[in-house]
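Visitor: Can you read through this structure? Questions will come right after.
The values are calculated or read from the model by the stated rules, or taken from the named source; none is laboratory data. From a predicted model like this one, the values you see are computed outputs, not experimental measurements. No Cβ is skipped: glycine too gets one built from the backbone with ideal geometry, and neighbour counts run over all protein chains shown. Side chains included, ligands, DNA and RNA excluded: accessible areas come from the protein's heavy atoms. Shrake-Rupley method; radii C 1.70, N 1.55, O 1.52, S 1.80 Å.
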Amino acid sequence: MTEKPVLQVKNLSVEFHTYAGTIKAIRNVSFELNKGETLAIVGESGSGKSVTTHTLMGLNASNATISAGHIFYKGKDLLKFSEEEFEELRGGEVAMIFQDPMTSLDPTMKIGKQIMEVILLHDEDIEKEQAAAKALELMKQVGIPNAEEHFQDYPHQWSGGMRQRAVIAVALAGNPDILIADEPTTALDVTIQAQILHLMKEIQSEIDSSIIFITHDLGVVAGMADKVAVMYAGQIVEYGTTEEIFYNPQHPYTWGLLNSMPTTDIDTDELSSIPGTPPDLLNLPKGDPFAPRNRYALDIDYEEEPPFFQLSDTHYAATWLLDKRAPKITPPKEILKRWDKWKKFGSKSALPKISKFGVAEKKKTAKETAVPKSGAEVTGKDNI
Amino acid sequence: MAKYILKRILMMVLTVFIVTALTFVMMQWMPGSPFNNPKLSASQIAQLSKQYGLSKPIWQQFLNYLVNAAHFNFGTSYINTGQSVSLMISQRLPVSMELGIQALILGVPLGMYIGTYQAMRKNTARDYSLSIITLFFTALPDFLLGMLLMLFFAIDMPIFPITGWNSWMSSVLPTLALGMGVIAFVARFTRSQTLETLDSDQIQLAYAKGLDEGQVIMKHAVRNSLIPVLTLLGPLTAGLLTGSALIETIFSIPGIGNQFVSSISSKDYPVIMGTTIVYTILLQVMILLGDIATAIADPRIRLGGKD
Amino acid sequence: MAEKTFQVVGIESSSDNEKIQKPSLTFWQDAWRRLKLNKVAVVSMWFLIAISVFTIVMVPFLSQQQANKFNPNEIATYKDLPPKSGLPIPGWEGKHDGDDLYSDQNVPAGKNFILGTDDTGRSVAKRVIVGIRISLTIAIVASLGDLIIGVSFGVFSAWKGGWIDLILQRFIEILSSVPFIVIVTLFTLLLGAGIWSVIISLILTGWINMARQIRAQTLSVKEQDYVLAATVLGERPLKIAMKHIIPNISSTIIVQLMMTIPQAITSEAILSALGLGVQPPTSSLGSMINDARDEIQYYPYLVLIPGTFLVLISLAFYLFGDGLRDAFDPKSGDSGD
Ligand SMILES: Nc1ncnc2c1ncn2[C@@H]1O[C@H](COP(=O)(O)OP(=O)(O)OP(=O)(O)O)[C@@H](O)[C@H]1O
Ligand SMILES: [Mg+2]
């Protein structure tokens, strides 16, 4: 823990200026990312996950302003970067994997060339042939069968899963320190999802990069992430290690997310969803923006935003329930079951291992896909 | 791809067939049409009757007409008596094609450039001004622009010849008159296509690779928005056919359009019918060329198996 | 104090909270608010309103016959007079190359033609007013015709789907690959030139675009839950179309209408210039330009005046239509014409 984090985000706020007023897309977001670590950012649609990562890459729309905060990447303040410095950074030190592989590749360019493009861009000395060889190497690394044969293919000739592998190859081409994956599996079939997640994990251990993994589905987080940031209406409402978030959740919103997730490790009678809809970011309500959807909302939630309460070195939650003046409330019984496990095992190491990808799927398919064989999809040529 | 082109050619033949059938119907029933024109002399009627086999049943007449049309035999003009319509058309067609191609060469690249530039500078003052300018030229009909150009640059300031088609100078004003509309049309379309492309995930990925704006535009955006622009070749040609008919009249250019307009006012039916069929074929060919160009530029069509 | 503040109140009391939030705007209010911010579109809208109101108000005061009428005995006096405002505004004093044509031709003192006269001594101002009236009427009637046919065809084609849709699409494809000039020429020769044949020609060529747009929109609306629900509940197709589909594509329809009108204005002018349109002595903007074509060297104002109105009106429709489209769909930069 003495090592300096690769990335530090401090009190970051981003606003969008639109005809109707100012949208406060993210507010006061802080987190850290260490080398080789995976941080998951979880939250509903519109909670500001993509805006956060776009800001890291200097890719925000032109109507955006960063109204406060700092981003330090290896000690350098990214917000002071020029456009040229960002271009150097993007695709090189920080790379991105997008949600929909069907639309993120250029349909008019050969896949091999799209991978080579990054290599040539970030390595001035490399020859074309070497770049092609490296691109081919990457295609093999991400598990594309008969890569030589498919080097000259166009994206539309490939299946979604294969295209996402190609997008990952593009991301790896610049040897990134940080890999940002913005919902990399949401557009894919469940079985393919597991394979892509597995591939990412595998690659991470090979190249020792850090990953920021964005999803609206807590289920896929378990096997992937070391730390989790739960976002709501542009703010991080709970932040902790994966075990802390899963077995000692404190924020009612996290409870809601956990209860709406099908899971194999806690007996659940039913799945419940969080009532209501997220607030209008143009006119945020007074107090805690989550209060109108919170069954455990206190009077004060409608008056004042809660501060962060620290639960451990690594665990923070922004809810008035943690204030010492707050009454004792009883969380839903599924959460109590989680807390029980936490009490029983206490420390991280003693926790039962969270099943690798099973949590991502509905109960009945969980068993079949829990242990995906790497490359299972890859053997058949017709899968491309 | 061969299958795709074959399909297009079939559609094209069908369209030309339908238009030919329509002209046949009009030749038959229209008051003052070649077959029932009171002005015709007995010998002319006899000649027509022989040429079209008027005594035969109607379907045979139609077959006859089709065969004639397929050989570009549209009979002889009423006004320039005795002159073969196909000869009249074939003499004048090259002039019109030259004018049309010049307008396309001027308009398409410039329009694409302006549209792309506007998309890159979306919602800036320059984008707004260019939008208003291109809209102005959309609202201004070609022939009116032609008259204005003639008024300002040939009459008030005698820089260019007023009429004719005999030198490069004489082609400047007509080409501009036709080309400005093309620029405006292509620019507006390119702008919207490029905006759509720039909004897509693939462009986000291109930026995420570390490409700068110029590289993103040149390497990824242009090619993707070029594909739909190629399909404009058809509609553009349709506009040019109409536009050049009037421009040729105004500038007294000896093209097929000029002849067409005067044949309308003099009710010279054989010329009207012949030109109509030639116009239809021209447009079909241009649509086909546009489709082939699209297929070449778009691997999804070229290699089959669209998304 | 503190105890009260920390009471669990849950979701129930949130009604309080909702009052603080602004009431959400309806789609139309929202679009109107956005439109109002677009200065160019607002100016165009007012210009169009002013022109339309003026044209309608003038109907009882100025008939088509009055604008066409001329006195054969007075042609020499009144012909080809340049615009004269009666005020000392340079270039608007009834002079041509320094000659005062009004006194040269012995025009009675005090008689000014603010937009001049044509070669038979008719007032250009009167003819332009009638011309705008006729051009606008033709364009609007034709566009409404496009709308009715295009919407019915588009909705029907998309709603039926399957082979019916396929055949109708092929039909549209073939029709749209016949040049405009060919369709209108054949058609006008058949019907004889005149206002109605212009309108029908314009509809014949114009509805295709509308049908295409409407079909695409309907296809996407068709998949929406409320339409599926209505279908499952067994509502009659016509009722579903009227109640659920058309209201949901009305913004597309309105924008498309605003884009069709100026195209119709231009097409009318082109037809008149081809000699297939409005016939003399009736004036339309296009026929006025066409009539003055050969005299442009000597009497440029006879072209410039109707030309200016033609361009301004078309431009205003386009700008307003663009503004509407952006207001209805703020994400769209443009969706082509
Ligand atoms: N260019 C923009 N202009 C205005 N508002 C924007 C812009 N980009 C994003 N926003 C707003 O910022 C908020 C956060 O968006 P963001 O894309 O980060 O959500 P997200 O958490 O990634 O959601 P999803 O799961 O749907 O991807 C949204 O309310 C969105 O409307
Ligand atoms: Mg997102």
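Visitor: Using the structure shown, decide if C:LEU115 is open to solvent by 30 Å² or more (accessible area, probe 1.4 Å), out of contact with any Asp or Glu (no Cβ under 6 Å at 6 or more places or on another chain) and within 18 Å of C:SER283 (Cα to Cα).
Guide: Values: open to solvent by 30 Å² or more (accessible area, probe 1.4 Å): yes; out of contact with any Asp or Glu (no Cβ under 6 Å at 6 or more places or on another chain): yes; within 18 Å of C:SER283 (Cα to Cα): yes.
Yes.
Visitor: Further, regarding this structure: Report the residue count in the range C:286-324 for those that are under 16 Å from the mean Cα position of the chain (by Cα), open to solvent by less than 20 Å² (accessible area, probe 1.4 Å) and more than 9 Å from chain B (Cβ to nearest Cβ).
Guide: 3
Visitor: Please find, within the range A:151-167, the residue that is farthest from A:ILE119 (Cα to Cα) out of those that are out of contact with any Gly (no Cβ under 8 Å at 6 or more places or on another chain) and hydrophobic (A, V, I, L, M, F, W, C).
Guide: The extreme case among them is A:TRP158.
Visitor: May I ask you to say which residue of B:GLY257, B:GLY274 is at the interface with another protein chain (Cβ under 9 Å from one of its Cβ atoms), of a type in the set (Gly, Ala, Ser) and either farther than 30 Å from B:ARG223 by Cα or assigned to a helix (DSSP H, G or I) (or both)? If you could, list the steps in order and put the result at the bottom.
Guide: Details: B:GLY274 fails: at the interface with another protein chain (Cβ under 9 Å from one of its Cβ atoms).
After applying the criteria, what remains is B:GLY257.
Visitor: Here is a further query. Just one of (1) open to solvent by 10 Å² or more (accessible area, probe 1.4 Å); (2) within 16 Å of ligand 2 (Cβ to nearest atom) trips up A:MET96, so point out which.
Guide: (1) is the only condition that A:MET96 fails.
Visitor: Could you go through the range C:141-163 and let me know if any residue there is under 26 Å from C:SER267 (Cα atoms), within 27 Å of the chain's Cα centre (by Cα) and within 14 Å of chain B (Cβ to nearest Cβ).
Guide: No, that holds for no residue.
Visitor: For the range A:12-34, state whether one or more residues are among the acidic types (Asp, Glu), closer than 18 Å to A:ALA171 by Cα and more than 16 Å from ligand 2 (Cβ to nearest atom). Quick ask: steps written out before the conclusion?
Guide: We begin by selecting, within the range A:12-34, every residue among the acidic types (Asp, Glu); these are A:15, A:32.
Next, only the ones that are closer than 18 Å to A:ALA171 by Cα stay: none.
Scanning the range A:12-34 turns up no residue that is among the acidic types (Asp, Glu), closer than 18 Å to A:ALA171 by Cα and more than 16 Å from ligand 2 (Cβ to nearest atom).
Visitor: Moving on to the next point. Can you name the residue in the range B:206-228 that is more than 9 Å from every other protein chain (Cβ to nearest Cβ) and crowded, with 24+ Cβ neighbours inside 10 Å and is also modelled with the highest pLDDT among such residues?
Guide: B:ALA221
Visitor: Hey, any hits in the range B:222-241 for a residue that's in contact (Cβ under 8 Å) with a residue 12 or more places away in the chain, outside any helix (DSSP H, G or I) and under 26 Å from C:LEU190 (Cβ atoms)?
Guide: No, the range B:222-241 contains no residue that is in contact (Cβ under 8 Å) with a residue 12 or more places away in the chain, outside any helix (DSSP H, G or I) and under 26 Å from C:LEU190 (Cβ atoms).
Visitor: Yes or no: A:ILE196 within 15 Å of the chain's Cα centre (by Cα), more than 16 Å from ligand 1 (Cβ to nearest atom) and crowded, with 23+ Cβ neighbours inside 10 Å?
Guide: Numbers: within 15 Å of the chain's Cα centre (by Cα): yes; more than 16 Å from ligand 1 (Cβ to nearest atom): yes; crowded, with 23+ Cβ neighbours inside 10 Å: yes.
Criteria met by A:ILE196.
Visitor: Under 7 Å between Cβ atoms, which residue pairs at least 6 apart in sequence (or on different chains) link something in the range A:54-76 that is more than 14 Å from ligand 2 (Cβ to nearest atom) with a partner that is part of a helix (DSSP H, G or I)?
Guide: A:GLY58/A:PHE86; A:ILE66/A:THR55; A:ILE66/A:LEU79; A:HIS70/A:LEU79; A:ILE71/A:LEU56; A:ILE71/A:LEU78; A:ILE71/A:LEU79
Visitor: When residues of the range C:1-36 are filtered for being modelled with pLDDT of 80 or more and open to solvent by 100 Å² or more (accessible area, probe 1.4 Å), how many remain?
Guide: Qualifying residue count, the range C:1-36: 3.
Visitor: Another question, then. Could you tell me which numbered condition B:ILE89 fails, if it satisfies all but one of (1) in a helix (DSSP H, G or I); (2) within 15 Å of B:PHE260 (Cα to Cα); (3) of a type in the set (A, V, I, L, M); (4) out of contact with any Phe, Trp or Tyr (no Cβ under 8 Å at 6 or more places or on another chain)?
Guide: It fails just one condition, (4).
Visitor: While we're looking at this one, here's another question. Would you check if A:THR186 is farther than 18 Å from A:VAL94 by Cα and within 16 Å of ligand 1 (Cβ to nearest atom)?
Guide: Working: farther than 18 Å from A:VAL94 by Cα: yes; within 16 Å of ligand 1 (Cβ to nearest atom): yes.
Criteria met by A:THR186.
Visitor: Need pairs with beta-carbon distance below 6 Å; first residue over 20 Å from A:LYS140 (Cα atoms) and within the range A:168-182, second within 16 Å of ligand 1 (Cβ to nearest atom) and open to solvent by 10 Å² or more (accessible area, probe 1.4 Å); sequence gap 6+ or separate chains.
Guide: A:ASP182/A:SER50; A:ASP182/A:PHE98; A:ASP182/A:GLN99
Visitor: Separate question: Please specify each residue of the range B:147-184 satisfying the condition of being polar (S, T, N, Q) and more than 13 Å from every other protein chain (Cβ to nearest Cβ).
Guide: B:ASN166, B:SER167, B:SER170, B:SER171, B:THR175
Visitor: Continuing with this model, one more query. Of the numbered conditions (1) open to solvent by 10 Å² or more (accessible area, probe 1.4 Å); (2) in contact with a Gly (Cβ under 7 Å, 6 or more places away or on another chain); (3) more than 15 Å from ligand 1 (Cβ to nearest atom), A:GLU202 satisfies every one except a single condition; which is it?
Guide: (2)
Visitor: Right, another one. List every residue pair whose Cβ atoms lie under 8 Å apart, where the two residues are 6 or more positions apart in sequence or sit on different chains, the first residue falls within the range A:88-99 and is touching a residue at least 40 places away in the same chain (Cβ under 8 Å), and the second residue, located anywhere, is hydroxyl-bearing (Ser, Thr, Tyr) and more than 16 Å from ligand 1 (Cβ to nearest atom).
Guide: From residues that are touching a residue at least 40 places away in the same chain (Cβ under 8 Å), the pairs are A:GLU93/A:TYR73; A:VAL94/A:TYR73.
Visitor: Here are some conditions: (1) away from chain B (no Cβ under 14 Å); (2) more than 13 Å from ligand 2 (Cβ to nearest atom); (3) within 23 Å of B:LEU205 (Cβ to Cβ). A:ILE41 meets all but one. Which one does it not meet?
Guide: Tallying (1) away from chain B (no Cβ under 14 Å); (2) more than 13 Å from ligand 2 (Cβ to nearest atom); (3) within 23 Å of B:LEU205 (Cβ to Cβ), A:ILE41 fails exactly one: (2).
Visitor: From the list C:ILE148, C:ILE138, which one is open to solvent by less than 20 Å² (accessible area, probe 1.4 Å) and closer than 30 Å to C:SER251 by Cα?
Guide: On the way: C:ILE148 fails: open to solvent by less than 20 Å² (accessible area, probe 1.4 Å).
Of C:ILE148, C:ILE138, the one residue that is open to solvent by less than 20 Å² (accessible area, probe 1.4 Å) and closer than 30 Å to C:SER251 by Cα is C:ILE138.
Visitor: Could you tell me which of the residues A:TYR239, A:TYR253 is in a helix (DSSP H, G or I), more than 16 Å from ligand 2 (Cβ to nearest atom) and over 26 Å from B:LEU205 (Cα atoms)? Please lay out each step first, then the result.
Guide: Numbers: A:TYR239 fails: in a helix (DSSP H, G or I).
Among A:TYR239, A:TYR253, only A:TYR253 is in a helix (DSSP H, G or I), more than 16 Å from ligand 2 (Cβ to nearest atom) and over 26 Å from B:LEU205 (Cα atoms).
Visitor: Please pick out the residue among C:THR266, C:THR231 that is over 20 Å from C:ILE148 (Cβ atoms), away from chain B (no Cβ under 14 Å) and hydroxyl-bearing (Ser, Thr, Tyr).
Guide: Details: C:THR266 fails: away from chain B (no Cβ under 14 Å).
Exactly one of C:THR266, C:THR231 is over 20 Å from C:ILE148 (Cβ atoms), away from chain B (no Cβ under 14 Å) and hydroxyl-bearing (Ser, Thr, Tyr), namely C:THR231.
Visitor: Which condition does B:LEU289 not pass, out of (1) in contact with a Leu (Cβ under 9 Å, 6 or more places away or on another chain); (2) buried (at least 20 other Cβ atoms within 10 Å of the Cβ); (3) in a helix (DSSP H, G or I); (4) more than 14 Å from chain A (Cβ to nearest Cβ), if it passes all the others?
Guide: (2)
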